[in-house]
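The next block holds one structure in the form of structure tokens; read it before the comments.
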């Protein structure tokens, strides 16, 4: 069932971002600026980034900032989520050998900042690309994305990784340099999915020379914006336009248009809304659900003007919200207990009473949102409220009427009061429905993430925004073969280290399938196994209201939360909400 809060006078609009003309293959000086160039884009967020180093990015705000500083071989068009050229101006795919041959743009240089602030910035070459992918294919404490980008994908990557675990350096055999601007990557499976994966900032190309000087504090890339280290803090991130960025618009004007981009991290979404109302910010990615109706009623003229001062946009996001069990220690190494918790939760009530309808719908059918046209996620038999069944499973788990079960610890991340109100509702439901005591603690996201990686706690709040438009992105969270044997090694994205060989079998068959139909069929089998095993409590599929100032032009928001600010411009018009 889809539950929406609808007001007949809500004005919604989609702002379309014009695609960049990436046909320019040589770097030219920054002499031509468009008439609408200049100004600052101001964004409010509540989740502080833990790392801006591409290999360590784990949440969307880290990805948003990192993708402005760095650039990959390809990019995702924010309008249609299609792969488009980035540092590589073109490529050819040999589907027989699963080999992609890339051609880098000539003359594109890394930013004149950081290690290159007082010297000539080097050109991006095939050697930088090789360094990037070999680094992704080697073990390190900061490399969270070997499993995402390399494992079972690039020929020789698994061997390179295992050698690095033993302290040896083994070249990445699937990567071949042809010349300074041409190279090939040979894959084990779908080149199309691989292109989608490397469009994300986790595969952004980094300079070996710069990395040698900075390590994971690297903030110098080849992207459209330069990170201003001097004027940035943990809660204020200032990015200024890269005057030597290669891309031009269709008239030959240099991109990006704006002079700077500010992303501020505020203590709560409620505080962010106050500042947005006062005109301090241009974009707020989530509106507190309990204030939505009042905002519309108080500001109807601001939304209905021609043009409107503000746009209230509602959109489905390819994302979800769920809790994850610590499945490798008591009490949640008990399958029936995990299933009992799933049946004891009323997801519809959470959406109606706590979220005020601000969701696409309850996650009664598993992990993957119903966002993929041919992926029949509604066929998955999941969980909905069934208190008698929950009590029966609880007794079979050895805890009749909750007796003998220790108090359960839930860890949520701070910054969004919604996390606490949902946790309080689930706390109440578990006590009322199956007599289980649950406490919860709200921690900064980095602290919560570190505890989760170390297996501390019983239950964790989590959510996932798809990295690329495929069910595979969600199912990869629980792929067991990517879990390191060393319990002290970082396990990402499978942070709870769930392992089921049957699940892994169907996940791999789907990942390696040659066509979408067979891939989706295998993914459905894998997801049903996952739901039956219940290493998580799926809660709801996301749908958000967002506030956008109309001073932003050519700004586009999409379900993957991919932000491209290269062709966004701003007007001098200011406004306030009541």
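Going by the conditions given, is residue 208 out of contact with any strand residue (DSSP E or B) (no Cβ under 9 Å at 6 or more places or on another chain), in contact (Cβ under 8 Å) with a residue 24 or more places away in the chain, surrounded by fewer than 19 Cβ atoms within 10 Å (Cβ to Cβ) and farther than 24 Å from residue 45 by Cα? Against the criterion (out of contact with any strand residue (DSSP E or B) (no Cβ under 9 Å at 6 or more places or on another chain), in contact (Cβ under 8 Å) with a residue 24 or more places away in the chain, surrounded by fewer than 19 Cβ atoms within 10 Å (Cβ to Cβ) and farther than 24 Å from residue 45 by Cα), residue 208 qualifies.
Against the test of being on the phi < 0 side of the Ramachandran plot, over 24 Å from the mean Cα position of the chain (by Cα) and free of Cβ contacts under 8 Å to residues at least 12 places away in the same chain, the options 454, 428 yield a single qualifying residue, 428.
How about segment 95-112: which of its residues are in contact with a helix residue (DSSP H, G or I) (Cβ under 9 Å, 6 or more places away or on another chain) and crowded, with 17+ Cβ neighbours inside 10 Å? Steps first, please.
As a first pass, look at segment 95-112 and keep what is in contact with a helix residue (DSSP H, G or I) (Cβ under 9 Å, 6 or more places away or on another chain): 95, 98-100, 102, 104, 109-111.
Result: 98, 99, 100, 102, 104, 109, 110, 111.
Specify which of the listed residues (513, 550) is at pLDDT below 95 and closer than 30 Å to residue 165 by Cα. After applying the criteria, what remains is 513. Take the residues of segment 370-419 that are surrounded by fewer than 14 Cβ atoms within 10 Å (Cβ to Cβ) and over 23 Å from residue 559 (Cα atoms): which is nearest to the chain's Cα centre (by Cα)? Going through the qualifying residues, I end up with 381.
How about segment 293-331: which of its residues are farther than 30 Å from residue 494 by Cα, out of contact with any helix residue (DSSP H, G or I) (no Cβ under 9 Å at 6 or more places or on another chain) and outside any loop (DSSP other than H, G, I, E, B)? Let's see the steps before the verdict.
Pass one, segment 293-331, residues farther than 30 Å from residue 494 by Cα: 293-314.
Now drop any that are not out of contact with any helix residue (DSSP H, G or I) (no Cβ under 9 Å at 6 or more places or on another chain), which leaves 293-294, 297-298, 300-302, 304-307, 313-314.
The answer is 293, 294, 297, 298, 300, 301, 302, 304, 313, 314.
If the condition is being more than 20 Å from residue 47 (Cβ to Cβ), touching a strand residue (DSSP E or B) at 6+ places or on another chain (Cβ under 8 Å) and part of a helix (DSSP H, G or I), then segment 422-475 contributes 424, 426, 427, 430, 431. Of all the listed residues (252, 221), the sole one being in a loop (DSSP other than H, G, I, E, B), modelled with pLDDT of 90 or more and out of contact with any helix residue (DSSP H, G or I) (no Cβ under 8 Å at 6 or more places or on another chain) is 252. Of all residues in segment 461-482, none are surrounded by fewer than 20 Cβ atoms within 10 Å (Cβ to Cβ) and more than 23 Å from the chain's Cα centre (by Cα).
Within segment 111-128, can you find the residues that are out of contact with any strand residue (DSSP E or B) (no Cβ under 6 Å at 6 or more places or on another chain) and farther than 15 Å from residue 53 by Cβ? Passing the criteria: 112, 116, 117, 118, 119, 120, 122, 124, 125, 127, 128.
In this structure, is residue 234 in contact (Cβ under 8 Å) with a residue 40 or more places away in the chain, part of a loop (DSSP other than H, G, I, E, B) and out of contact with any strand residue (DSSP E or B) (no Cβ under 9 Å at 6 or more places or on another chain)? Before the answer, list the steps.
Values: in contact (Cβ under 8 Å) with a residue 40 or more places away in the chain: yes; part of a loop (DSSP other than H, G, I, E, B): yes; out of contact with any strand residue (DSSP E or B) (no Cβ under 9 Å at 6 or more places or on another chain): no.
When the stated conditions are applied, residue 234 does not pass them.
Set side by side, the residues 264, 249 differ, and just one is more than 20 Å from residue 84 (Cα to Cα) and in contact (Cβ under 8 Å) with a residue 40 or more places away in the chain, which is 264.
Selection over segment 539-561 of residues that are within 28 Å of residue 528 (Cα to Cα), in a strand (DSSP E or B) and in contact with a helix residue (DSSP H, G or I) (Cβ under 8 Å, 6 or more places away or on another chain) gives a count of 2. Yes or no: residue 559 at pLDDT 95 or above and farther than 30 Å from residue 252 by Cβ? Against the criterion (at pLDDT 95 or above and farther than 30 Å from residue 252 by Cβ), residue 559 does not qualify.
Answer with yes or no whether residue 357 is touching a helix residue (DSSP H, G or I) at 6+ places or on another chain (Cβ under 7 Å) and either under 27 Å from residue 491 (Cα atoms) or free of Cβ contacts under 8 Å to residues at least 12 places away in the same chain (or both). I'd like the intermediate steps shown before the answer.
On the way: touching a helix residue (DSSP H, G or I) at 6+ places or on another chain (Cβ under 7 Å): yes; either under 27 Å from residue 491 (Cα atoms) or free of Cβ contacts under 8 Å to residues at least 12 places away in the same chain (or both): no.
No, not satisfied.
A residue that is part of a helix (DSSP H, G or I), farther than 18 Å from residue 470 by Cα and free of Cβ contacts under 8 Å to residues at least 40 places away in the same chain occurs somewhere in segment 165-176. Take the residues in segment 399-425 that are at positive phi and in contact with a helix residue (DSSP H, G or I) (Cβ under 8 Å, 6 or more places away or on another chain), then tell me which one is modelled with the lowest pLDDT. Once the filter is applied, the top-ranked residue is 415.
The values are calculated or read from the model by the stated rules, or taken from the named source; none is laboratory data. Quantities reported herein were computed from a predicted structural model and do not represent experimental measurements. Note that we place each Cβ from the backbone using ideal geometry, even for glycine, and neighbour counts take in every protein chain shown.
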